[in-house]
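K.L.:
Have a look at this one.
Please treat every number below as a calculation from the coordinates, not as lab data. It should be emphasised that the depicted structure is a prediction, and the values quoted were computed from it without experimental measurement. Cβ: placed from backbone, ideal geometry, glycine included. Neighbour counts: every protein chain shown.
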Amino acid sequence: MIYLDNAATTRICDEALEEMMPFLKEEYASPLGQYSLGFRANSALNTARGRVAALIGADVSEVIFTSCATESNNLFLRGFIRNLLSTGMDPAHKSISIVTQTTEHASVLNTCEDIAREYDRVRLIKVPVDRNGFVNEAAYREALKERPDVVSIMHVNNETGAVNDIKRLCGLAHEAGAIFHTDAVQSVPHMRVNVREIGVDALSVSGHKLHGPKGSGFLYLRKGVIIKPVLTGGGQEIGLRSGTPDVVACVGLGKACEELFRHGSEDRTAARAASVFAAGLKEVLPAAVINRPGENMEDSGNYLSEIVSVSIPGGDALSIIPDLDMAGVCCSSGAACSAGRKGVSHVLTAMGIGESLAKGTLRFSFSRYNTEGEAAEAAVIVGRVVKKNLENHGILFK
Ligand code: PLP
């Protein structure tokens with residue numbers, strides 16, 4: 001199989017798996033245990049936290065382990081709003097507003113909508129994106145005039161790879177007096193993200209997108225930003241995420257972060273493979289539309305090369321994907337983490353891509369484990385399979 005669905009999840013790296021094994025077998029104590037086995041588990045947790053913090057340039061006290069990025073997003077958004085609602089907001093501050101954008105992942109979008117439904121005092125402003133998938137600057141500035149309390153804008157879009165200029169968006173939000181959160185699930189695996197440099201107050205990351213284990217993730221919360229916990233209990237993770245820490249998952253996440261840091265953003269293996277794939281695809285399927293501005297993958301501006309979104313005019317992704325699977329290529333339609341969802345992607349729709357083209361959109365996403373050879377081979381397979389699929393549906397495709 002040629003696995004090109006790394007934006008959905010990645011293969012765990014051997015180094016992480018190896019470090020996790022003892023904690024699955026003999027080192028199973030709770031890190032709160034007051035005996036040597038517990039002390040060792042606690043020390044492993046501290047090491048993991050240090051590695052995570054080093055990857056994003058944070059202090060160890062600013063890393064809260066969670067089970068996934070969905071949880072990190074929920075913890076921050078719900079926790080922040082709950083804190084505002086529960087602490088002495090000055091009476092002039094009648095309503096609370098959240099600003100986000102229309103192309104966020106469901107774990108941000110649905111959470112914001114849920115919060116707004118739950119609390120009458122919370123108002124949600126969804127800023128549109130431009131046709132390339134970046135935050136619409138004019139609309140964003142307009143939303144900030146409302147002096148929102150919190151802004152949540154993703155760094156890299158999971159369906160298209162569009163990279164928002166988070167440093168600038170965060171600066172504008174701060175000028176307007178808002179706290180800024182970013183979902184960095186798709187950026188951290190591929191680019192150097194330093195929280196001090198970009199200036200964000202909170203940031204969510206998922207372990208399984210960066211060659212760590214499923215069931216791992218973290219929230220970066222800048223010192224001084226106050227949230228209320230969503231889970232109450234024993235007060236683990238500085239009182240913000242109760243529950244016995246999953247040492248195995250944290251150890252794997254920590255090691256995967258260390259490996260990522262070691263490989264560094266200069267590791268262009270995945271980007272090169274993606275470029276080979278995109279170039280090959282253009283040759284075999286010239287009528288396919290690669291959803292990004294610019295011709296050359298490596299030069300396509302603020303787009304992550306590692307995510308290649310391709311629309312097949314007249315095609316149906318849900319019928320092409322099983323054919324590709326049979327031919328040995330794994331890919332997805334839009335956001336695989338909302339699998340089962342049959343509707344047209346809200347991201348492509350927000351970018352103004354018509355329903356029929358959006359329906360025929362496939363997402364191929366690359367990791368450092370993909371080679372240029374298999375990328376070239378995948379392009380040929382995709383060309384062949386797509387043509388055959390369309391032919392079977394009576395559509396002639398160049
Ligand atoms: N945010 C983005 C941008 C994603 O792409 C995903 C998953 O694809 C998530 C959040 C959710 O991550 P997790 O599976 O760790 O909850």
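K.L.:
Would you mind checking the pairs LYS228/LYS359; LYS126/LYS388; LYS126/LYS255; LYS282/LYS359 and listing those with alpha carbons more than 31 angstrom apart?
P.N.:
Over 31 Å Cα-Cα: LYS228/LYS359; LYS126/LYS388; LYS126/LYS255.
K.L.:
Between rounded, prolate and oblate, where does region 1-119 land on the alpha carbon gyration tensor, with a ≥ b ≥ c its root eigenvalues, rounded for a/c under 1.5, else prolate if a/b exceeds b/c?
P.N.:
oblate
K.L.:
Which peptide among 306-316, 106-116 comes first, and what is the full order, when sorted by highest mean count of other Cβ atoms within 10 Å?
P.N.:
306-316, 106-116
K.L.:
Round to the nearest 10 and give me the degree value, 0 to 90, for the angle of helix 166-175's Cα axis relative to the longest principal axis of the chain.
P.N.:
The angle comes out at about 40 degrees.
K.L.:
Order these by the 10 Å Cβ neighbour count, fewest first: TYR3, TYR140, TYR119.
P.N.:
TYR119, TYR3, TYR140
K.L.:
Give the shape of the chain as rounded, prolate or oblate, defined through the alpha-carbon gyration tensor: a ≥ b ≥ c are the square roots of its eigenvalues, a/c under 1.5 means rounded, and otherwise the shape is prolate if a/b is larger than b/c and oblate if not.
P.N.:
It comes out oblate by the Cα gyration axes.
K.L.:
Ok, one more. Report the extension gain between SER43 and THR349 in nm, rounded to one decimal, defined as 0.36 nm multiplied by the number of residues separating them, less their alpha carbon distance.
P.N.:
Fully extending the segment from SER43 to THR349 adds 105.4 nm.
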